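The structure under discussion appears below in the form of C-alpha cells.
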Amino acid sequence: MEDLLEKIENGRATVGVIGLGYVGLPLAAVFHRSGLKVRGYDVDERKVAMLSEGKSYIKHIGVDVLKDLSDSVRFQATTKLEDLLGVDIYVMCLPTPLGAHEEPDMSYVFGTSELIAKQLTGNQLFVLESTTYPGATDSDVLRILTKGNQLELGTDVSPADHISWECLLNSNLTKASPSSFHSLFFAHGSYS
C-alpha cells in the first residue's frame, strides 16, 4: 500500500465516489477541495446533468461548491461505473433501506461490489460509507471484492469503514489536505 500512501500524500490519488447523494456529494467536494482528482458515479442521470451544470439538488451544498466541481478538470460526474476504472480509492455511499425486520437491505452494496470487483487492479483502498451491520465490510463486502481474482487483502485491497462525518466536520469543505485523508483512511481501516 506504500504507492497508494504516497499518491494520497502527494495529491495524485484519484477517488471514485459511488452514489452522489447527501453523503457522497459532500465527500466528493471535500476530496476535490483537497486537491485530489474525483470521479463521481450515480445511476441518476438528472443528478449527473445538474452537477455538470453546477446546480445543486441538495439544499446544504451551495452553488459555489458545485461551480468549483463543474468548472474543474479534476472532477467528473458520470452514470457509467466503468468510468471509475483505475481509481485509487473507491468510496461507496449507497442506500441501505431497512427491510421488514429492520435489517439493512444490502442489495445495492453487494451488487455494486460485484461490479467493482471486476475493476480492481491492486494497490487500492475501498471505503464503505453506507449504513450497514457490524462486520459488513470485513466479511461480506471484502469476500465479494476478492472473489475470483488474485488480489490479496491488505496488500492489493485495503478496507476502511465510515470516514465521512469526521472528514466533513474537520475539513469544513475548505481545509482538507491529502495528508488529512491519509490519516482518516488508515486510522479507520482494518489493514493499514
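The values are calculated or read from the model by the stated rules, or taken from the named source; none is laboratory data. Values in this document were obtained by computation on a predicted structure and should not be read as measured data. Heads up, the Cβs are rebuilt from the backbone with ideal geometry, glycines too, and the neighbour counts pull from every protein chain shown. The accessibility values were calculated without ligands, DNA or RNA, using every heavy atom of the protein model including side chains. Shrake-Rupley method; radii C 1.70, N 1.55, O 1.52, S 1.80 Å.
Our coupling estimate for region 105-118, obtained by passing each phi through the Karplus curve with A = 6.51, B = -1.76, C = 1.60 and θ = phi - 60°, is 7, 8, 4, 5, 5, 5, x, 5, 4, 4, 5, 5, 4, 6 Hz, Gly and Pro reported as x. In this structure, the amide hydrogen of residue 12, modeled 1.01 Å from its nitrogen in the peptide plane, lies closer than 5 angstrom to no residue at least 5 positions away or on a different chain. Computed over protein heavy atoms with a 1.4 Å probe, the accessible surface of region 19-123 works out to 49 Å² per residue. Which value in nm describes the separation of the simple spin-label points at residue 146 and residue 22, placed 7 Å from the Cα toward the beta carbon? With each label placed 7 Å out from Cα toward Cβ, I get 3.5 nm. Less than 5 angstrom separates the built amide H of residue 124 from those of 157, 158, all sequence-distant by 5 or more or on a different chain. Quick check: at a probe of 1.4 Å, how many percent of the accessible area of region 56-153 sits on carbon and sulfur atoms? Exposed carbon and sulfur together represent 53 percent of the surface. Heavy-atom accessible area, probed at 1.4 angstrom with all protein chains present, ranks 131, 137 as 131, 137, highest first.
For residue 51, neighbours were defined as the other residues whose beta-carbon sits under 12 Å from its Cβ, and their charges (Lys and Arg +1, Asp and Glu -1) total -1. Database remark: amide H of residue 38 closer than 5 angstrom to the amide H of 15, 75, 76 (H placed geometrically; neighbours at sequence offset of 5 or more, or on other chains; Pro and chain starts carry no H).
For the pair residue 59 and residue 80, a Förster radius of 22 Å applied to the C-beta separation gives a FRET efficiency near 0.20, rounded to the nearest 0.05. Among the lysines of region 4-96, pairs that are 8 or more positions apart or on different chains and have alpha carbons within less than 23 Å of each other number 13. Shown in residue order for region 64-74 are the 3J(HN,Hα) couplings computed by the Karplus curve 6.51 cos²θ - 1.76 cosθ + 1.60 at θ = phi - 60°: 4, 5, 5, 5, 4, 5, 5, 8, 9, 7, 8 Hz (x for Gly and Pro). In this entry, region 96-148 is assigned a mean projected area of 3.8 nm², taken as a quarter of its C-alpha convex hull surface. Structural size metrics of region 33-77, computed from C-alpha coordinates, are Rg and Dmax of 9.9, 26 Å. Whole-Hz Karplus values for region 49-54 come out as 5, 5, 4, 5, 8, x Hz, taken residue by residue from phi with 6.51 cos²θ - 1.76 cosθ + 1.60 and θ = phi - 60°; glycine and proline positions read x.
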